[in-house]
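This report refers to the structure that appears directly beneath it.
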Amino acid sequence: MKFINDFYKTFVLHAVAAHFNNGLLPPAFLFLCLAIFMHDPFFERTVIHLIIFAVTMIPVSFLSGVRDWRTKFHGARAAIFYRKMWLTGLLFLLVASAVLIRLNHPDVLFHKGVLTWLYVGCVGGALPVVVLLGHYGGILAFRWKQMNG
């Protein structure tokens with residue numbers, strides 16, 4: 001019972017939801033590269049599963065982040081918060097676009113064309129976005145820890 005109480009008191013939904021995306025999208029890009037270089041559709045099937053999970057977690061991460069911003073930082077107007085919001089919107093746009101392309105064109109990766117490059121660009125473009133989101137989140141977590149010491 002102590003574990004459950006401790007877990008309830010210390011659980012941070014935003015950290016869990018954000019780490020989902022940070023943990024799913026780099027392997028999605030890795031499997032995409034493997035699918036391209038090895039011409040193996042099974043690797044690419046893994047990509048669609050990973051990005052579907054990621055796109056469902058982005059709104060959870062965003063909403064829980066806004067809630068934490070309002071409660072922990074009292075809705076402070078600072079550029080870092082707005083950057084994180086903008087980047088989350090960009091991440092959702094990239095990953096949702098990749099999901100839509102892939103679901104509407106299941107063999108998009110193996111029919112070289114504009115959609116192939118768009119699909120690869122959306123999945124690959126998500127990498128720097130999650131890196132920046134994690135970087136800014138780390139800065140905020142460090143500041144919050146310093147403030148509450």
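Every read-out reported here was derived from the displayed coordinates using simple, explicitly stated rules and does not represent laboratory data. For clarity, every value in this text was computed on a predicted model and none was experimentally measured. With ideal geometry, Cβ positions are generated from the backbone for all residues, glycine too; neighbour counts draw on all protein chains shown.
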Sequence-separation-based contact order of region 12-147, relative, with Cα cut under 8 Å and 6+ spacing, percent: 29
Place a point 7 Å from the Cα of R70 along the Cα-to-Cβ direction; which residues of region 129-143 have their backbone N under 17 Å from it? none
List the chymotrypsin sites (Phe, Trp or Tyr not before Pro) in region 46-149 that DSSP assigns to loop (not H, G, I, E or B) and whose Cβ has at most 16 other Cβ atoms within 10 Å. Which are they? F73
Could you please rank L87, L13, L133, placing first whichever residue has the fewest other Cβ atoms within 10 Å of its Cβ? L13, L87, L133
Among T88, T46, rank each residue by its count of other Cβ atoms within 10 Å, from fewest to most, as a rough exposure measure. T46, T88
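What do you get for trypsin sites (Lys or Arg not before Pro) in region 86-149 restricted to DSSP loop and a cutoff of at most 14 other Cβ within 10 Å of the site's Cβ?
Passing sites in region 86-149 are K112.
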Write down Rg/Rh for the chain, rounded to two decimals, with Rg from the C-alpha atoms and Rh from the Kirkwood relation over Cα pairs. 1.06
Distance in Å, no decimals, from the C-alpha centre of region 111-141 to the one of region 37-87 is 10
Which ordering of S61, S97 is given by a fewest-first count of other beta-carbon atoms within 10 Å? S97, S61
